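A.B. asks: Pasting in a structure now, in structure tokens, and then I'll have a few things to ask.
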Amino acid sequence: MPDFLLQTVFNASYAASYMALVAVGLVLIFGVMGVINFAHGELYMAGAYAIVFFYAWLGLPFVVAVGLGLFFAGCLGVLMELALFRPLRTNPLGGLIASIGFLLILQTLAVLGFGLRNQTVPPVSQGRLTIGGAILTYERLYVIVATVVLLAVLWLFLRRSKFGWALRACAQDREAAALQGISINQTARYAMFIGAALAGVAGAMTAPLVAPSPFMGHGIIVTAFIIIIVGGIGSLEGAVLAAVLYAFVHTFVTTFFDGVIANIVGLLLMLAVLVVKPQGLFGVRERA
Amino acid sequence: MKPASSITLNRRTLLTGAASAALLPVVGMPKASFAQDNVVKIGFLAPLTGAVAAWGKPGLDGCRIWADWVNEAGGIEVGGQSYKVELVSYDDEDDAGKARTGATQLIRENDVKFIMMLGGNSWPGVEEIAARQGMMVSTLLPSDLTPDTETLIAPCEVHPIYNVTGVDWLAANRPELKTAVVCAQDDALGKPSVATYLAAFEAAGIQMASPPLFFDPATTDFAPVMTQLLANNPDILCLDTCYADYVQPLCEQAFQQGYKGQIISCTLDFYQRIVERTSKEFMEGVIFQFPDFDDQALNDPRINFRKPNEFYAEYVKRYGANEWSAVSWEYSSILDLWADAAQRAGSIEPDAVLAAMKDGGTGKHAFGEARWWGKELFGIDNALVGDWPVVVIRDGKATIAEFRSIPEWWDKNSELLLKHMSDLGLLWNQRT
Amino acid sequence: MPEKNTIGAAGIAGILILAALLIAAPHVVSFSQQELLVLLTINVLVVASYRLQTLTGEWSLAHVVMMGSGAYASALFAKSFGFPVPLAMIGGAIVAGLVAALMSFPLFRMKGFYFLIGSFAAGEILRLIWKRFTNPFGGPKGIQRIPGFPEIDLGFIRIDFYDPANYYYLVLAVVLVSLWVLYRIEKSRIGLTFHAIHWQDKLSESVGVDAFRYRMLAFVVAAFFAGLAGALYAHYLSTVNPNQFDVNTMVYVLIWTIVGGTTRWYGPILGVVTLTIIDEVILRGIGADQVRPLLYGGILILAILFLPNGLESLVMRASDALRRNRGQATSGAMVRE
């Protein structure tokens, strides 16, 4: 039994990691720009396909491929900002529609470029950590480590750099930030790049583990929104903690009951938070 | 690993795909009409875009090869006339409403003589139209069959019944294995397949070490699932009919969690990659039901699939090895059956072809002579059931171990299968 | 907001032309397009009822689940309880309204984005219940062989509703009546109160308007009509399953509403008609199935970039131009920017 629990803890930690990356990315975009980016799951998918292309097909080292995936997804994010979200800054519903359009385009490009079926990526490492009877493969461990590192870097960036302060100011109150002389457009570009890059990195790191397909972004986006609601929309720390909470609850319920019940539990959890504390566990401010 | 050849193949696919996508609206759809010749139109109504497209589009691609070969040879000769074959496709996006619209277009506007469908979610939208119009329709999902629609047939895929052959072979060749567990995605395909495996295990005297585990189709992390499955150390791990995106992570998890027993599955898509990600030793002896089409055993005269090795080679050449799956050849094998029946009937009209196809209660299934069967399970004998290959991985390669007979298993064990199907509420008369 | 409420001669002519078009429609299109007409008309009701709900300023993501509730309820009433189909349809609509009423209590404690996600969660939970329980909802395969609308046999006239043209007229009649009701509600005091709650909810509450009751009213009425649309859909296709009412379908409703336009009552209707014709007729006609989603996505982006106020802004500009040409007062031309 203790082995079983430890195994489940390992499984949950892995799930919490990539979900945290995706959720934090989404918070940055939604929190700073107020835009619901439906295509966020496809940015995750883009990162995964970057690995297919650079690592599986071209044979570049995995770390390099992940870096390229991060950069590629980030650039897609900036493209979305420049072409879609900036012209539609005053029209958030319009931004939502544009992101749906972009989602369809990305999915179709993935099908046209890589085919309909799942791709498989060669293993990065076959090593594993064994504690008692519980196993944590290095591939999963890398995801956990990378998440911790990336989030730590992000935290430092947000706390120490000028752009970081600008981002947080925009997330808190866009108009006040503008009054302080912060360029909304520039901040938005940064936020989009970082947010998209985080989703891309999550996709890239999990690509060896999940067999990328053009539609893999679909499940991620719903979970990501649940997590940021539970964590609180403006709060990056909240997103991380909510990701951990959600991943652990979901993994444990799946292991001990089944996946459909876990989904229902996740939704109920979110509803409960919405009813009891709508700002989320770490909510910064209420967005009307 | 053969990086060079796989890169060339895939780059070519990438470029061809992009180029044809860019040019198609300009050049116009290759639904070229054959002006002077007689043409027989055959409808292809399946998901071509969207999340389920992998069950439809590769089939259309395979059918295009079939049609090209037939047309290059001058067409098919029916009743003294030579007909070119024209495929008319409609993307039903796995939706009943769109399928209904598509069926209406295909039948009443395109004048097709036969419609091939994937089935499942889309079939109920077409049901009444097919019945009223007397259109012959084929499905890959025998669970669609209903006594209310005599013109719907399941002539190739007989999922999940063929799964009994794998268990049957396993019991005969490894009688020392006594316990099993099974898992499946919780959807319309997973449940009947589980019922079949449960019946097959029971018929073979194998005990279930724990109740069947149904997981959410959206699962991506299979570690918890595998942990649960292996909890009682089963001799046999049955992956049921898990799709490509499940079967690979499941095998990997089994490997990583140190499983040393026998694995049996219905599908094992991309098994080469699974071998790469686990090991040859781990995958040695894994049993499943879908042969590689470059397997020489398919050249046996009893096989009714035309030129299987060349078909595979052509498919890979046009679309890339990654796009190949069972779907790629199954629809084409239905076309073989249709063409044969049309020639015997001397007519391309649906009622005549159907009568010829079912004549004598037997038919030429892809894997050999078969019988029309299914009354107890589906309410009508419209599934073509005969032999099915049992495929075993040996030294990292899928090889056909044996062709086993489904009707023979059924004749001995039908009550078990009926019992398990009934327990899960899957018999035709239990449908809501 | 100000728009001309009286109908001039041009308006009457327009209505007559529209009526003629609607009645003639099934006879001038192909067989498969008749089927599309039925589905399109049903979707018009879905989208028009959604508009009513959004008037209060809250955007629910549970709307297609309300449609599904009506569909499932009507199917079960007809199949399991043996109700005559017309009665089952009304029953389905009522059930959808009841579901919405129940959901109002937890959901309307939230506002804005939270309500959006909360409504999604509530709807999704219901949909997962349909998916999980084969008894009585049929599980992932849903319910099949739902009886169709009964044939009308009066000796001299036989109307078989299996025929899409006939079903279209039935649906058209129901939808037109429903649209009239929805329009009247929007233009009435209740509708004005909805607007007030949307734009000035604190102010409305200070004059004694119970925002919760009005939000709930909008939600329930919208659900009723969505449920009615769902019932019409169920008895046409003879099948319902949980996939038909998932988030993808809801996204389409959002797309139709937003691209169509949110300030005029006809905005969403314009959206659904235009986009459906583009997707199902034009894009399919090109024959490049594989790129159809890409083209549709591109069209959405272009539409929203160039017509940020929706397709209705084209209609408004056209009618302004007409009015100016006639030299009439331009007061009706003030468009919300």
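The values are calculated or read from the model by the stated rules, or taken from the named source; none is laboratory data. This structure is a prediction, so every number in the text was calculated from the model and none was measured. Reconstructed Cβ throughout: ideal geometry from the backbone, glycine too, with neighbour counts over all protein chains shown.
A.B. asks: I'd like to check something: does segment B:366-382 contain any residue that is among the β-branched types (Val, Ile, Thr) and not in a loop (DSSP other than H, G, I, E, B)? Quick ask: steps written out before the conclusion?
C.D. replies: First pass over segment B:366-382, keeping only residues among the β-branched types (Val, Ile, Thr): B:380.
Then keep just the ones that are not in a loop (DSSP other than H, G, I, E, B); that gives none.
No: zero hits.
A.B. asks: For residues in segment A:206-233 being under 19 Å from C:Thr249 (Cβ atoms) and assigned to a helix (DSSP H, G or I), which is farthest from the other protein chains (Cβ to nearest Cβ)? Give the steps one after another, and end with the answer.
C.D. replies: Going residue by residue through segment A:206-233, those that are under 19 Å from C:Thr249 (Cβ atoms) are A:215, A:217-219, A:221-222, A:225.
Add one more test, that the residue is assigned to a helix (DSSP H, G or I), and what stays is A:217-219, A:221-222, A:225.
On the way: A:Gly217: 11, A:His218: 7, A:Gly219: 5, A:Ile221: 9, A:Val222: 7, A:Phe225: 6 Å.
Per the stated criteria, the residue is A:Gly217.
A.B. asks: With the requirement that a residue be more than 14 Å from the chain's Cα centre (by Cα) and either at pLDDT 95 or above or within 23 Å of C:Asp279 (Cα to Cα) (or both), what does segment C:40-70 give you?
C.D. replies: Selection gives C:Ser69 alone.
A.B. asks: List the helices (runs of 4 or more DSSP H) that sit entirely inside segment B:68-181 and contain at least 2 residues that are within 22 Å of the chain's Cα centre (by Cα) and away from every other protein chain (no Cβ under 11 Å).
C.D. replies: B:163-173
A.B. asks: Which one of A:Gly77, A:Gly113, A:Gly127 is surrounded by fewer than 16 Cβ atoms within 10 Å (Cβ to Cβ), of a type in the set (Gly, Ala, Ser) and closer than 25 Å to A:Leu60 by Cα? Walk me through how you get there before you give the answer.
C.D. replies: On the way: A:Gly77 fails: surrounded by fewer than 16 Cβ atoms within 10 Å (Cβ to Cβ); A:Gly113 fails: surrounded by fewer than 16 Cβ atoms within 10 Å (Cβ to Cβ).
Every option except A:Gly127 fails the conditions.
A.B. asks: Which condition breaks for B:Gln185 when tested against (1) in contact (Cβ under 8 Å) with a residue 60 or more places away in the chain; (2) in contact with a Pro (Cβ under 7 Å, 6 or more places away or on another chain); (3) within 18 Å of B:Val286 (Cβ to Cβ); (4) within 12 Å of chain A (Cβ to nearest Cβ)?
C.D. replies: (3)
A.B. asks: While we're here: Six or more apart or on different chains, Cβ atoms under 7 Å: show the pairs whose first residue is in segment C:140-154 and among the hydrophobic types (A, V, I, L, M, F, W, C) and whose second is modelled with pLDDT of 85 or more and assigned to a loop (DSSP other than H, G, I, E, B).
C.D. replies: Taking only residues 6 or more apart or on different chains, the pairs are C:Ile146/C:Ser238; C:Phe149/C:Phe161.
A.B. asks: Conditions: (1) in a loop (DSSP other than H, G, I, E, B); (2) closer than 30 Å to B:Glu86 by Cβ. B:Cys266 meets all but one. Number of the miss?
C.D. replies: Unmet condition: (2).
A.B. asks: Filtering segment C:127-150 down to residues that are surrounded by 21 or more Cβ atoms within 10 Å (Cβ to Cβ) and aliphatic (A, V, I, L, M), which residue is nearest to the other protein chains (Cβ to nearest Cβ)?
C.D. replies: C:Ile143
A.B. asks: Looking only at residues that are of a type in the set (A, V, I, L, M) and touching a helix residue (DSSP H, G or I) at 6+ places or on another chain (Cβ under 7 Å) in segment B:272-312, which one is nearest to the other protein chains (Cβ to nearest Cβ)? I'd like the intermediate steps shown before the answer.
C.D. replies: Kept after step one, since they are of a type in the set (A, V, I, L, M), are these residues of segment B:272-312: B:274-275, B:283, B:286-287, B:297-298, B:303.
Still in the running and touching a helix residue (DSSP H, G or I) at 6+ places or on another chain (Cβ under 7 Å): B:274-275, B:283, B:287, B:298.
Working: B:Ile274: 8, B:Val275: 11, B:Met283: 14, B:Ile287: 21, B:Leu298: 22 Å.
Among those residues, the one meeting the criterion is B:Ile274.
A.B. asks: Does C:Ala229 count as farther than 20 Å from A:Thr90 by Cβ, modelled with pLDDT of 95 or more and either in a helix (DSSP H, G or I) or within 15 Å of the chain's Cα centre (by Cα) (or both)? Steps first, please.
C.D. replies: Values: farther than 20 Å from A:Thr90 by Cβ: yes; modelled with pLDDT of 95 or more: yes; either in a helix (DSSP H, G or I) or within 15 Å of the chain's Cα centre (by Cα) (or both): yes.
In short, yes.
A.B. asks: Does at least one position in segment C:305-328 carry a residue that is more than 13 Å from chain A (Cβ to nearest Cβ), β-branched (Val, Ile, Thr) and without any contact (Cβ under 8 Å) to a residue 24 or more places away in the chain?
C.D. replies: Step one: of segment C:305-328, the residues more than 13 Å from chain A (Cβ to nearest Cβ) are C:312, C:314-328.
Still in the running and β-branched (Val, Ile, Thr): C:315.
Then keep just the ones that are without any contact (Cβ under 8 Å) to a residue 24 or more places away in the chain; that gives none.
Scanning segment C:305-328, I find no residue that is more than 13 Å from chain A (Cβ to nearest Cβ), β-branched (Val, Ile, Thr) and without any contact (Cβ under 8 Å) to a residue 24 or more places away in the chain, so the answer is no.
Per-residue answers, yes or no, for (1) closer than 26 Å to C:Ile117 by Cβ; (2) hydrophobic (A, V, I, L, M, F, W, C); (3) over 11 Å from the mean Cα position of the chain (by Cα):
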site: A:Ala20; (1), (2), (3): yes, yes, no
site: A:Leu26; (1), (2), (3): yes, yes, no
site: A:Phe38; (1), (2), (3): yes, yes, yes
site: A:Val63; (1), (2), (3): no, yes, yes
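A.B. asks: Just one of (1) over 10 Å from B:Cys183 (Cα atoms); (2) outside any loop (DSSP other than H, G, I, E, B); (3) under 23 Å from the mean Cα position of the chain (by Cα) trips up B:Pro217, so point out which.
C.D. replies: That leaves (2) as the condition not met.
A.B. asks: May I pose another question? Only one of (1) buried (at least 22 other Cβ atoms within 10 Å of the Cβ); (2) under 20 Å from C:Met67 (Cβ atoms); (3) of a type outside the set (Asp, Glu); (4) over 22 Å from the mean Cα position of the chain (by Cα) is not met by C:Tyr168, so which one is it?
C.D. replies: Condition not satisfied by C:Tyr168: (4).
A.B. asks: Before we move on, is B:Leu250 assigned to a helix (DSSP H, G or I) and under 22 Å from B:Pro160 (Cα atoms)? Full working, then the answer.
C.D. replies: Values: assigned to a helix (DSSP H, G or I): yes; under 22 Å from B:Pro160 (Cα atoms): yes.
Against the criterion (assigned to a helix (DSSP H, G or I) and under 22 Å from B:Pro160 (Cα atoms)), B:Leu250 qualifies.
Quick grid of which residues meet (1) within 14 Å of chain B (Cβ to nearest Cβ); (2) within 30 Å of B:Ile129 (Cα to Cα); (3) not hydrophobic (A, V, I, L, M, F, W, C):
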{"residue": "C:Trp199", "(1), (2), (3)": "no, no, no"}
{"residue": "C:Ser206", "(1), (2), (3)": "no, no, yes"}
{"residue": "C:Tyr233", "(1), (2), (3)": "yes, yes, yes"}
{"residue": "C:Asn241", "(1), (2), (3)": "yes, yes, yes"}
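A.B. asks: Further, regarding this structure: Determine if segment C:89-101 includes at least one residue that is within 14 Å of another protein chain (Cβ to nearest Cβ), surrounded by 15 or more Cβ atoms within 10 Å (Cβ to Cβ), aliphatic (A, V, I, L, M) and within 22 Å of C:Val247 (Cβ to Cβ).
C.D. replies: Just the residues of segment C:89-101 that are within 14 Å of another protein chain (Cβ to nearest Cβ), to begin with: none.
No; the residues of segment C:89-101 include none that is within 14 Å of another protein chain (Cβ to nearest Cβ), surrounded by 15 or more Cβ atoms within 10 Å (Cβ to Cβ), aliphatic (A, V, I, L, M) and within 22 Å of C:Val247 (Cβ to Cβ).
A.B. asks: How many residues are under 19 Å from B:His420 (Cα atoms) and either touching a residue at least 40 places away in the same chain (Cβ under 8 Å) or not charged (D, E, K, R) (or both) when one looks only at segment B:368-379? Give the steps one after another, and end with the answer.
C.D. replies: Kept after step one, since they are under 19 Å from B:His420 (Cα atoms), are these residues of segment B:368-379: B:373-379.
Filter once more, so that each one left must be either touching a residue at least 40 places away in the same chain (Cβ under 8 Å) or not charged (D, E, K, R) (or both): B:373-374, B:376-379.
Adding up the residues that qualify gives 6.
A.B. asks: With respect to A:Phe215, is the statement that it is hydrophobic (A, V, I, L, M, F, W, C) and at pLDDT 80 or above true? Give the derivation first.
C.D. replies: Numbers: hydrophobic (A, V, I, L, M, F, W, C): yes; at pLDDT 80 or above: yes.
Yes; evaluated as a whole, the condition is true for this residue.
A.B. asks: Something else: Kindly list the number of the only condition in (1) buried (at least 24 other Cβ atoms within 10 Å of the Cβ); (2) more than 24 Å from B:Val225 (Cα to Cα) that fails for A:Phe225.
C.D. replies: In the conditions (1) buried (at least 24 other Cβ atoms within 10 Å of the Cβ); (2) more than 24 Å from B:Val225 (Cα to Cα), A:Phe225 misses (1) alone.
A.B. asks: With the requirement that a residue be touching a Phe, Trp or Tyr at 6+ places or on another chain (Cβ under 8 Å) and crowded, with 23+ Cβ neighbours inside 10 Å, what does segment B:237-248 give you?
C.D. replies: B:Leu237, B:Cys238, B:Leu239, B:Asp240, B:Tyr246, B:Gln248
A.B. asks: Counting just the residues of segment A:74-86 that are in contact with a helix residue (DSSP H, G or I) (Cβ under 7 Å, 6 or more places away or on another chain) and within 12 Å of chain C (Cβ to nearest Cβ), which one comes out farthest from A:Arg189 (Cα to Cα)?
C.D. replies: If we take residues in segment A:74-86 being in contact with a helix residue (DSSP H, G or I) (Cβ under 7 Å, 6 or more places away or on another chain) and within 12 Å of chain C (Cβ to nearest Cβ), then A:Leu84 is farthest from A:Arg189 (Cα to Cα).
A.B. asks: Still on this structure, please answer the following. Would you pick out the residues in segment B:398-409 that are assigned to a strand (DSSP E or B), out of contact with any Asp or Glu (no Cβ under 8 Å at 6 or more places or on another chain) and of a type outside the set (Asp, Glu)? Break it down into steps so the answer makes sense when it comes.
C.D. replies: Going through segment B:398-409, the residues assigned to a strand (DSSP E or B) turn out to be B:398-405.
Then drop every residue that is not out of contact with any Asp or Glu (no Cβ under 8 Å at 6 or more places or on another chain), which leaves B:401-402.
Listed by number, the list holds a single entry, B:Ala401.
A.B. asks: Another question, if that's okay. Somewhere in segment B:232-246, is a residue in contact with a helix residue (DSSP H, G or I) (Cβ under 9 Å, 6 or more places away or on another chain), closer than 17 Å to A:Arg128 by Cβ and either more than 7 Å from chain A (Cβ to nearest Cβ) or at pLDDT 85 or above (or both)?
C.D. replies: no
A.B. asks: Take the residues of segment A:87-141 that are over 30 Å from C:Ser60 (Cα atoms) and β-branched (Val, Ile, Thr): which is farthest from the other protein chains (Cβ to nearest Cβ)? Talk me through it step by step, then tell me what you get.
C.D. replies: Step one: list which residues in segment A:87-141 are over 30 Å from C:Ser60 (Cα atoms), which gives A:109-141.
Filter again for β-branched (Val, Ile, Thr), leaving A:111, A:120-121, A:124, A:130-131, A:135, A:137.
Values: A:Val111: 7, A:Thr120: 4, A:Val121: 9, A:Val124: 10, A:Thr130: 9, A:Ile131: 13, A:Ile135: 6, A:Thr137: 5 Å.
Ranking the qualifying residues of segment A:87-141, first place goes to A:Ile131.
A.B. asks: Those residues that are in contact with a strand residue (DSSP E or B) (Cβ under 7 Å, 6 or more places away or on another chain), surrounded by fewer than 22 Cβ atoms within 10 Å (Cβ to Cβ) and either over 18 Å from B:Met116 (Cβ atoms) or small (Gly, Ala, Ser) (or both), I need them from segment B:344-371; list them, please.
C.D. replies: B:Gly346, B:Ser347, B:Gly361, B:Thr362, B:Gly368, B:Glu369, B:Arg371
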